[in-house]
Amino acid sequence: MKVLVINAGSSSLKYQLIDMETETVLAKGLCERIGIDGHLKHTPLVGGKSVFNEDLPLPTHSEAIAAVIDKLTSAEYGVVSSMKEIDAVGHRVVHGGEKFASSVLINGEVMKAIEECIPFAPLHNPANITGINACIDVMGRDVPQVGVFDTAFHQTMPPKAFTYAVPYEYYQNDGIRRYGFHGTSHRYVSARCAELMGRPIEELKLISCHMGNGSSICAIDGGKSVDTSMGFTPLVGLPMGTRCGDLDPGVMQFIMNKYGLGIDEMLNVLNKKSGVLGVSGVSSDFRDLEAAAGEGNERAKLALDLFDYSVAKVVGSYVAAMNGVDAIIFTAGVGENAPTTRAGIAKYLGYLGCEIDPEANGRRGSDNLISTADSKVQLWVIPTNEELVIARDTRDIVSAL
Ligand code: AMP
C-alpha cells in the first residue's frame, strides 16, 4: 500500500509518499506561497529521478495537489506510474477537540466535526480542511482519506490535568480546557523508546521532550498521555523559538494598557516576538543563540539558560505527577541536534539519579541512549517521525475497511 501524507498550512502544503510494505519514503516535497504566486520543491528519493524546484502558479490548494500528483507520476520526477497507485491519503489535522481520541476515516460527519473545532485552531483547522477538500477534488471520493489529530493522543489526560481553574461553566459551555499538541510526535517517540528499551510500554513511565521551534513536554504513563505542557493553544508551557510559554495573564493587561495594544497585537507579540527570540533579541534559532552566547552575548546565554531551566522544571513536575520516571526522551530540531541544551537540562536531573554520558551525548545519529550505564533514569535521543505515524494510522484504518 502507498500512502500520501499531507500537512496543509494556510499557504503551504508538505507531503510525503510512503510505501507501507517497507515504510520507505518514495518522495517528499513542499508547496509554498499557495494563493500568492507559488513554488514547488519535489524530491524523489528512489529511482534516481530529478529534483523539481521551481516557481509555478498555485492559486489554490487544489492546484497545489494537482501539481504534486503531476510530479509524483511524471517520467522525469515521478516515483509511481499513475495516481491509481496511491491507495490512501493521511492528513495531519491540528485540532480534534474532545471529539477525536484517535485517527479516523474522513467522511461528511468527520468534516463537520473538524469544522466545529475551528474556533479552537482558527489558523490551522481551516487550512487542514482545505487540504482534505483539495485531495477529494483532485483524487476523487474513492481514495480513502484519514485524519490524524495533534490533540488526539492527549485525550487520555485525566480531568485534574486538563481542567483550568476558571469558572467551570467555561469548560462545560465552551470547551475551555487543556488540549495539548504534538501528540503524534509524543506518541511516536514514546512507542519507539519502549521498543528500544525492550520493555512493554504499559510498564513504563516516560517523559517526552519535543523541543523544536514549538516545544512541549508530555508525561506518558503506561503508553497514555497523562499531562502535557501546551494547553488550550500551543502558546503556553515552555518558552519557545518565538512563543512566550507560561505567563501571568496580568502581564498582558499591564502591557496592553501601558502601550495601547489591542488583544490581537498583544497575542502577535506573545506568538511571534517572544520566547528565546524575545529574551535574546538575537534569534529564535538555537544555533544562532549558541554562537552568540559563545561570543559573550549575555542575553543569548540567558535565553538558553531560561529554556533549559524551564524544561527541567516541567520534567520535575511530571516525575511528581507519575510518581517516577523510567526514561526521558529528547526529540525534534533542538532535542535531536543540540547536545549543549540536552546537557544543560540533564544538569538539573541529578536528584533523580540521572547521569548523562558526555561522549554518547556528543554522538550524531538516530535513536541514541545518552545516559550512562549506571544512570537510574535512561536518557534517549529519538528522532521524531510524525509522517510515519500518519501513514501507519492511515494504513491500519484503510486495511480494516
Ligand atoms: P523543528 O521545529 O523541530 O523543525 O526545529 C527547528 C529548530 O531546531 C531550529 O529553529 C533550531 O532552533 C533547532 N536546531 C536545528 N538544528 C540545530 C542544531 N544543529 N543545533 C541547535 N539547534 C538546532
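A short reminder: the numbers here are calculations on the coordinates, not readings from a lab. Owing to the predicted nature of the structure, the values given are computational and were not obtained by experimental measurement. Here Cβ is always computed from backbone atoms with ideal geometry, including for glycine, and neighbour counts include all displayed protein chains.
Before moving on, here are some points about what is shown:
- Helices (runs of 4 or more DSSP H) contained entirely in the stretch 262-308, each with at least 3 residues that are more than 15 Å from the ligand (Cβ to nearest atom): 263-272
- Flag if residue 236 is within 16 Å of the ligand (Cβ to nearest atom) and out of contact with any strand residue (DSSP E or B) (no Cβ under 8 Å at 6 or more places or on another chain): no
- Number of positions in the stretch 347-369 that are within 16 Å of the ligand (Cβ to nearest atom) and either surrounded by 17 or more Cβ atoms within 10 Å (Cβ to Cβ) or among the aromatic types (Phe, Trp, Tyr) (or both): 2
- Within the stretch 102-112, the residues that satisfy the criterion of being over 24 Å from residue 157 (Cβ atoms) and either in contact with a Phe, Trp or Tyr (Cβ under 8 Å, 6 or more places away or on another chain) or assigned to a helix (DSSP H, G or I) (or both) are 108, 109, 111, 112.
- Single residue of the stretch 311-345 satisfying the filter (within 16 Å of the ligand (Cβ to nearest atom) and of a type in the set (A, V, I, L, M)) that is farthest from residue 364 (Cα to Cα): 311
- Selection within the stretch 238-266 - crowded, with 17+ Cβ neighbours inside 10 Å and closer than 26 Å to residue 289 by Cα: 238, 239, 240, 241, 242, 243, 244, 245
- Just one of (1) surrounded by fewer than 18 Cβ atoms within 10 Å (Cβ to Cβ); (2) within 16 Å of the ligand (Cβ to nearest atom) fails for residue 372. It is (2).
- Residue in the stretch 375-382 that is touching a residue at least 12 places away in the same chain (Cβ under 8 Å), closer than 30 Å to residue 106 by Cβ and either surrounded by 15 or more Cβ atoms within 10 Å (Cβ to Cβ) or out of contact with any Asp or Glu (no Cβ under 7 Å at 6 or more places or on another chain) (or both) present: yes
- Residue within the stretch 234-252 that is over 23 Å from the mean Cα position of the chain (by Cα), of a type in the set (Asp, Glu) and part of a loop (DSSP other than H, G, I, E, B) present: yes
- Residue 115 vs. criteria in contact (Cβ under 8 Å) with a residue 40 or more places away in the chain and outside any strand (DSSP E or B): no
- Taking the listed residues 209, 193, the one that is part of a strand (DSSP E or B) and either within 16 Å of the ligand (Cβ to nearest atom) or within 30 Å of residue 392 (Cα to Cα) (or both) is 209, with no other qualifying.
- Residue among 311, 334, 319, 315 that is surrounded by 21 or more Cβ atoms within 10 Å (Cβ to Cβ) and under 24 Å from residue 202 (Cβ atoms): 315
- Counting the residues of the stretch 31-51 that are touching a Leu at 6+ places or on another chain (Cβ under 9 Å) and either hydrophobic (A, V, I, L, M, F, W, C) or over 19 Å from residue 7 (Cα atoms) (or both) gives 8.
- All conditions but one from (1) buried (at least 23 other Cβ atoms within 10 Å of the Cβ); (2) of a type in the set (D, E, K, R); (3) over 17 Å from the mean Cα position of the chain (by Cα) apply to residue 272; the one that does not is (1).
- For the stretch 206-232, taking the residues that are surrounded by fewer than 23 Cβ atoms within 10 Å (Cβ to Cβ) and free of Cβ contacts under 8 Å to residues at least 40 places away in the same chain, the one that is nearest to residue 330 (Cα to Cα) is identified as 214.
- Condition broken by residue 72, with the remaining ones in (1) in a helix (DSSP H, G or I); (2) out of contact with any Phe, Trp or Tyr (no Cβ under 9 Å at 6 or more places or on another chain) satisfied: (2)
- Residue check for residue 311: part of a loop (DSSP other than H, G, I, E, B), closer than 24 Å to residue 384 by Cβ and in contact (Cβ under 8 Å) with a residue 40 or more places away in the chain: no
- If the condition is being charged (D, E, K, R) and loosely packed, with under 14 Cβ neighbours inside 10 Å, then the stretch 1-40 contributes 21, 23, 37.
- Residue within the stretch 122-131 that is without any contact (Cβ under 8 Å) to a residue 60 or more places away in the chain and part of a helix (DSSP H, G or I) present: yes
- Test: residue in the stretch 146-157 that is hydrophobic (A, V, I, L, M, F, W, C), part of a loop (DSSP other than H, G, I, E, B), more than 23 Å from residue 109 (Cβ to Cβ) and away from the ligand (no atom under 16 Å from the Cβ): yes
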